[in-house]
Amino acid sequence: MTPLIQLAGISKTLRGQGAPRIVLSGLDLTVHSGESVAILGRSGSGKSTLLSLIGLFDRPDGGRYVFAGQDISRLSERRAARLRSDSFGFVFQRFFLLKHLTAAQNVAMALVNGQGWLPRRMRRAKIMAALDQVGIAHLAKQKPPRLSGGEQQRVAIARALVRRPRVLLADEPTGALDTETGNLVVDALHATTNHGCALILVTHDHDHAERMGHVLRLSDGVLHEARQEVSR
Amino acid sequence: MIRLSGRLRSALIIGGQGIRARKLRALLSMLSLFLGVLAIVAVQAGSEIADRALLADVELAQGKDGTVQMYLPAHPRTIPIVLDTLKDAPDAVAVIEGQAIIGEPGVTPVNPGAAPFDQSFGGGSFYPTFCDASGVCYATGPVGGPAGAPPPGQAIELRLVGLTGDIRRFRPFEPDSGQWLDFTGDASLSPRLVINREALKGFTRHRVPAEMRLTGSTVNPTPRITGVVHDAGYGPTAYVRADELLNWQATTADPSRGGGPGVMVLLAPTATGIEQTLRARLAAAGAPMDQIYVSTINSREHFTDQLSLVRWIFYGMAILVLLIGVAGILNVGLATVGERVEEFALRRAVGTPRLLLAGIVLAETLFIGLFTALAAIGVGMVGLTYVGRAVDRFAPLLRDVTFPWQAGVAGVIAGVAAGLLGGLVPAVRAARIPIATVMRA
């Protein structure tokens, strides 16, 4: 079976005000459809950088990125935006909901993005289906300030799911939530793999990582198997 | 095409949401832009109104654009030929000009030379003058003239204009009171006069007997004033049927003599046949053909040239005010983009192209510009109505004036242009926000 995501020899150096810092050096990763992968690592180890490369927010300095059999290492910005819209969903630690919009309008953000146009009725149906998938369809007309942290994160997950992505990238999605709510959010994320969506979860929480199909640790710029470490 | 439409719709929807979410900021931007757009609307409206007013006055005084003016030479056969040629010619009118004095015989009129009544030399006392039996007046004193001028008396001197047809086709006189000349029926021996406002001023101020002295006539007819019109003329003028005038004045009078009638023919642009006929007949009669002058009225172009400089000066000032408004939009726009960095980064993360992000910001500033333009146009329309009413007595120009559509178009263009200009830099900045911002937040 063709892997959905195949990273080979990926390297990335961050160049800021200080000295250049090598974050990823020769990193390999393979993810298939329907798989779930947890990535652990110390702060600053490059987890978020890796996620931004997978999600086409940024480009690797070296290596090869093949997505669904297609080399996308040097994709133009326009095509990258198209691919992000069609194939990727993102969930962040901070929910990034626009507080002046309702939950439904926040979810609609992923549909009203200039990548094709859906009639209002079809749009509404997709939004409600996404909200229903994460169990908050009844909160569609609520604005974020009136929602709890868990509810807000689920709105963010619905926004990520509304276009039926092939890959869901979650960057510490439970970081701002209590344990119980965090578990509910991880449940909602993990449920997406049942529909063939690949899930890549960056987390510090070993319990959440253990529930993923693969557990990897990012250190020294490369990924290592870490299932046993988590089980301990 | 579908994608473009989708992007446009997306930009409009998201832009609208952005404005609704930041009503106060949108209002402040509108306030900063309002004066600039209003200035553009006012300048455009003012210049259109001035154009129309000037053109209307020129049409009254000279004739409508396209009218052909044919000045004919002084010759004993000129008037008979003109009268005969223009008989039953609806697209041409002959204008026979002369002087007349209405009032006491043998006195110097209160306005020698048919001068306006409010001018100091028109009061009859600045230069002593006297008029001979034929009605020709001479200035004495500094200018010189025959000695023994008659004493000043109750008489008014007018420019007398004999017409062979209804001149209003070429010069649309505005009726003030009474009736315009009736060219049907026989000529009356008591010439019917339609006077202009300046002449009315004279007859209102001075009580004069109804006796009219005509240039080149030894008998004084009794005139009847049947109406008053506005002809945009400065001097007192009376219009009369040419045949009623010529009942008392010889048609063969030589215009080359002082005070003799001059003849001009006003022709519609289509009446080229009449011009050719007149030329042929005058040539056959031995009239000096090199003294025929033909010109076509083209006032609009003339005044447009004259007004354009003033208009551009005012436009320059208005554009400066508009630029201040643009700076306001730019300022608020940059601040807003700075606040919405995460939103724009997130939008890019969910697949929104850079171009659409710029479009969202531009849509917001365009909406602001458009709303401001509508507000400025509304204020301009209401303001013009109220100003027109308030200064009705002092500025008849503004009476019944309507808001020119050109000013509305100028306002919309100014608003949209200001929105585009003010939104351009914030739009570029929004499009350049790095997507990784959301990852590092």
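Miscellaneous remarks
- Separation of alpha-carbon centers, the range B:66-110 and the range B:357-380, rounded to whole Å: 59
- When the Gaussian network model of chain A links Cα atoms closer than 10 Å, the mean-square fluctuations of A:Leu98, A:Leu50, A:Leu83 top out at A:Leu98.
- Charge sum, other residues only, whose C-beta stays under 13 Å from A:Ala191's C-beta, Lys/Arg counted +1 and Asp/Glu -1: 0
- Within chain B, helix-based [θ] at 222 nm, where runs of 4 or more DSSP H residues each add -39,500 (n - 2.57), nearest 500: -16500 deg cm²/dmol
- D_trans [Stokes-Einstein, Kirkwood Rh over alpha-carbon pairs] for chain B, 20 °C, 1.002 mPa s, µm² s⁻¹: 80
- Spherically averaged projected area of chain A from its Cα convex hull (nm²): 13.3
- Approximate spin-label separation A:Asp132-B:Ile292, in nm, with each point projected 7 Å along Cα-to-Cβ: 9.3
- Modelled label positions at B:Asp166 and A:Asp71, each set 7 Å beyond Cα in the direction of Cβ, lie 8.8 nm from each other.
- Relative contact order (%) - chain B, alpha-carbon pairs under 8 angstrom, separation at least six: 27
- Sequence of A:Met122, A:Met128 once ranked by neighbouring C-beta atoms within 10 Å, starting from the fewest: A:Met122, A:Met128
- Taking other C-beta atoms within 10 angstrom as a stand-in for reagent exposure, A:His208, B:His206 fall in the order B:His206, A:His208, fewest first.
- Ascending count of other beta-carbon atoms within 10 Å, so fewest first, for B:Glu59, A:Glu210: A:Glu210, B:Glu59
- The range B:1-73: C-alpha gyration tensor shape, a/c 1.5 cut-off, then a/b vs b/c: oblate
- Between the alpha-carbon centres of the range A:53-123 and the range B:233-250 there is a gap of 88 Å.
- Out-of-range pairs (alpha-carbon distance over 29 Å; input B:Lys64/B:Lys87; A:Lys47/A:Lys126; A:Lys12/A:Lys126; B:Lys87/B:Lys201; A:Lys143/B:Lys23): A:Lys47/A:Lys126; A:Lys12/A:Lys126; B:Lys87/B:Lys201
- Here the contact order of the range A:100-156, divided by its residue count and restricted to Cα pairs under 8 Å and six or more residues apart, works out to 51 percent.
Read the figures in this text as sums done on the coordinates, not as results from a lab. Because the structure is a prediction, the values reported are computed rather than measured. Methodologically, a virtual Cβ is constructed for each residue, glycine included, from the backbone with ideal geometry; neighbour enumeration extends over all protein chains shown.
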